[in-house]
1. Give the residues of the range 127-142 that are within 18 Å of Val100 (Cα to Cα) and either among the aromatic types (Phe, Trp, Tyr) or surrounded by fewer than 20 Cβ atoms within 10 Å (Cβ to Cβ) (or both), sorted by residue number.
2. Among the residues of the range 74-87, is there at least one that is small (Gly, Ala, Ser) and buried (at least 23 other Cβ atoms within 10 Å of the Cβ)?
3. Here are some residues: Arg70, Arg63, Arg33. Which one is touching a residue at least 40 places away in the same chain (Cβ under 8 Å), surrounded by fewer than 17 Cβ atoms within 10 Å (Cβ to Cβ) and either part of a helix (DSSP H, G or I) or on the phi < 0 side of the Ramachandran plot (or both)?
4. Taking the range 93-137 as the region of interest, how many residues are part of a helix (DSSP H, G or I), small (Gly, Ala, Ser) and under 29 Å from Lys186 (Cα atoms)?
5. Which residue is surrounded by the fewest Cβ atoms within 10 Å (Cβ to Cβ), if the candidates are limited to the range 192-219 and must be within 15 Å of Tyr160 (Cβ to Cβ) and among the charged types (D, E, K, R)?
6. Please enumerate the residues belonging to the range 178-197 that are in a helix (DSSP H, G or I) and at pLDDT below 85.
Amino acid sequence: MSPSSFLRALPTLAILFFASSWARGQTAEELIRKGDIHYEKLQAAEALKYYLPAEKLDPDNARLLVRIAREYRHLMSDATKQEEKVRFAGIAVEYSKRAVALAPKDPETHLALAISYGKLLPLQGSKEQVNNSRLIKNSADKAIALDPGNDLAWHVLGRYYLVLADVGSLRRTLAKVVYGTLPPAKYEDAVRCFLKAIELKPNRLMHYIELGRTYAQMGQDAEARKFLTKGLAMQETEKDDPETKTRGRTLLAKLR
């Protein structure tokens with residue numbers, strides 16, 4: 001087993017235990033810089049070896065907590081078992097909540113919370129999904145209000161609208177009876193958000209593929225193929241890009 005695979009299999013406290021030996025004598029800033037190097041290489045477990053000891057030295061550093069939440073979401077992507085995914089997503093949510101509490105005027109903290117809840121959403125029951133969908137929108141709205149130029153916040157909001165627009169009228173009625181009214185959502189809202197995300201960050205492939213998925217749900221196959229093809233042709237630069245491309249390829253094959 002490689003060091004990376006070994007660390008991914010360890011619980012949080014074990015990662016921190018093994019990290020402490022090489023963290024001694026270093027400042028939080030030094031540890032964060034070293035963690036950032038591994039983040040750039042998409043090495044989540046290795047980044048946490050530096051971020052977690054840095055947290056012990058600087059527990060009220062909201063941007064550090066955002067980094068830690070992000071790396072646990074990346075560990076979630078690497079996990080193969082559902083219980084591992086749920087655990088990592090839950091840790092990411094808790095770190096994001098702490099970051100929001102420390103820096104409620106920082107758009108990155110709200111974005112971290114929106115993304116973390118979004119990662120947890122498919123793994124939850126119907127009641128939790130309804131409740132957390134509201135939290136996702138609330139956090140994304142706050143991130144956009146604080147930083148209208150944040151493409152990822154627009155993307156998260158677009159994903160929210162896409163998921164909610166996909167909910168059929170029967171399921172929406174049942175959810176209203178059992179859990180409370182679902183917020184209104186239209187595919188056009190998702191299109192607007194993804195187009196804004198593309199305008200702000202045209203080199204992020206996820207924006208194009210999610211926009212293509214939205215057009216496919218709307219029955220606009222030509223537009224769907226155009227944006228899916230564009231996204232699939234782009235270079236992979238982020239942790240979730242391979243998974244995003246897989247969804248895009250599967251959908252594009254169905255449209256041909």
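1. Applying the first criterion (within 18 Å of Val100 (Cα to Cα)) to the range 127-142 yields 132-142.
Answer for the range 127-142, where residues must be within 18 Å of Val100 (Cα to Cα) and either among the aromatic types (Phe, Trp, Tyr) or surrounded by fewer than 20 Cβ atoms within 10 Å (Cβ to Cβ) (or both): Asn132, Arg134, Leu135, Lys137, Asn138, Asp141.
2. To start, the set of residues in the range 74-87 that are small (Gly, Ala, Ser) comprises 77, 79.
If we keep only those that are buried (at least 23 other Cβ atoms within 10 Å of the Cβ) too, we end up with none.
No, because not a single residue in the range 74-87 is small (Gly, Ala, Ser) and buried (at least 23 other Cβ atoms within 10 Å of the Cβ).
3. Working: Arg70 fails: surrounded by fewer than 17 Cβ atoms within 10 Å (Cβ to Cβ); Arg33 fails: touching a residue at least 40 places away in the same chain (Cβ under 8 Å).
Only one candidate qualifies: Arg63.
4. So in the range 93-137, the residues part of a helix (DSSP H, G or I) come out as 93-102, 107-123, 126-137.
Next, from what is left, pick out any that are small (Gly, Ala, Ser): 96, 99, 101, 112, 114, 116, 118, 126, 133.
From what's left, under 29 Å from Lys186 (Cα atoms): 96, 112, 114, 116, 118, 126, 133.
Of the residues in the range 93-137, 7 are part of a helix (DSSP H, G or I), small (Gly, Ala, Ser) and under 29 Å from Lys186 (Cα atoms).
5. Narrowing the range 192-219 to residues within 15 Å of Tyr160 (Cβ to Cβ): 192-194, 196-197, 206-207, 210-211, 213-214, 217.
The next check asks that each one be among the charged types (D, E, K, R); those that pass are 192, 196, 210, 213.
On the way: Arg192: 16, Lys196: 20, Glu210: 26, Arg213: 24.
Restricting to residues being within 15 Å of Tyr160 (Cβ to Cβ) and among the charged types (D, E, K, R), the top hit is Arg192.
6. Step one: of the range 178-197, the residues in a helix (DSSP H, G or I) are 178-179, 187-197.
Within the range 178-197, Val178, Tyr179 qualify.
The values are calculated or read from the model by the stated rules, or taken from the named source; none is laboratory data. Only a predicted model underlies this, so the values are computations on that prediction, with no experimental measurement involved. Please note: Cβ atoms are built from the backbone with ideal geometry, for glycine as well, and neighbour counts cover all protein chains shown.
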